[in-house]
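Everything on this sheet refers to the single structure shown next.
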Amino acid sequence: MKLERSFYEREDVVQVAVELLGKTFHTNLNGIHTSGRITEVEAYSGRNDKACHANNGLRTKRTEIMYGKGGVVYMYLCYGIHHLLNIVTNTKDVADAVLIRGLEPVTGIEEMMHRRKQGALKKTLSSGPGTLAQALGLNTKDHYGIDLLGNTIWIEDAPVLKSSDIVVSTRIGVDYAEEDALKPWRFYIRDTKWVSKK
């Protein structure tokens, strides 16, 4: 069953991030369906989080989507190379988002391998935010702002994981955020190879 708007529009972005683990992310692009189980996420808050693009109310053309309704896609280009997949959470005018960092392939694996130019199924297919976006066919800004309640990109429900099945750590690549770089807002499923780093 597809997640409803109410799942995304909750106040606690950390809780939303944790509960996204284990759920399946789907794309249907040009009639090709691919999906994967979410294995790794990071939470970002638009309030008092220097690692967030919208920290303390910063509004730019790029971040404006984060101030809209929850349950839409926020894509951005990182280092001019990779498009990164984020899920906007919370409600209008409150900018929070969850970065999807790892995915275990489920449906359309051959197509995902083709998109990644891989001849064999291996961890590098979708264990990293840039690689998983490419594997899912989300490697352009065209998907910026797409509603997750539609039929192009969506997330399907799965039982919430037990806390003992989840590893908590600091986020990756946000050293510039000073003390906020130490927030324990990265979460991944224990004992899975489909994560970017351990």
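The values are calculated or read from the model by the stated rules, or taken from the named source; none is laboratory data. Source: prediction; values computed, not measured. We place every Cβ from the backbone using ideal geometry, glycine too, and count neighbours over all the protein chains shown. Ligands, DNA and RNA are stripped out before the accessible areas are found, and what is left, the full protein with its side chains, is counted by its heavy atoms. Shrake-Rupley method; radii C 1.70, N 1.55, O 1.52, S 1.80 Å.
Quick notes
- Probe 1.4 Å, all protein chains present, accessible-area order of 12, 147, 49, largest first: 12, 147, 49
- 5 angstrom amide H check on residue 101, placed H, neighbours 5+ away: 40, 41, 42
- Of 191, 165, the order by accessible heavy-atom surface (1.4 Å probe, DNA, RNA and ligands excluded), from most exposed downward, is 191, 165.
- Span from the segment 149-186 Cα centroid across to the segment 75-131 one, whole angstrom: 13
- Residue 59 sits with roughly 120 Å² accessible to a 1.4 Å probe, with DNA, RNA and ligands left out of the calculation.
- Measuring only protein heavy atoms, the 1.4 Å probe finds residue 112 accessible over about 0 Å².
- Count of lysine pairs in segment 35-140 with Cα separation under 20 Å (8 or more residues apart, or interchain): 4
- Sequence-distant contacts, meaning Cα pairs under 8 Å at least 6 residues apart, place the relative contact order of the chain at 28 percent.
- Once the Cβ-Cβ distance of residue 32 and residue 161 is raised to the sixth power relative to R0 = 35 Å, the FRET efficiency obtained is 0.75.
- Surface composition of segment 1-62: carbon and sulfur atoms hold 49% of the protein heavy-atom accessible area at a 1.4 Å probe.
- Computed [θ] at 222 nm, deg cm²/dmol, the chain (DSSP H ≥ 4; -39,500 (n - 2.57); rounded to nearest 500): -3000 deg cm²/dmol
- Overall form of the chain per C-alpha gyration tensor (a/c, 1.5; a/b vs b/c): rounded
- Residue 96 contributes about 0 Å² of solvent-accessible surface, heavy atoms of the protein only, 1.4 Å probe.
- Ranking by accessible area, most exposed first, for 63, 131 with a 1.4 Å probe: 131, 63
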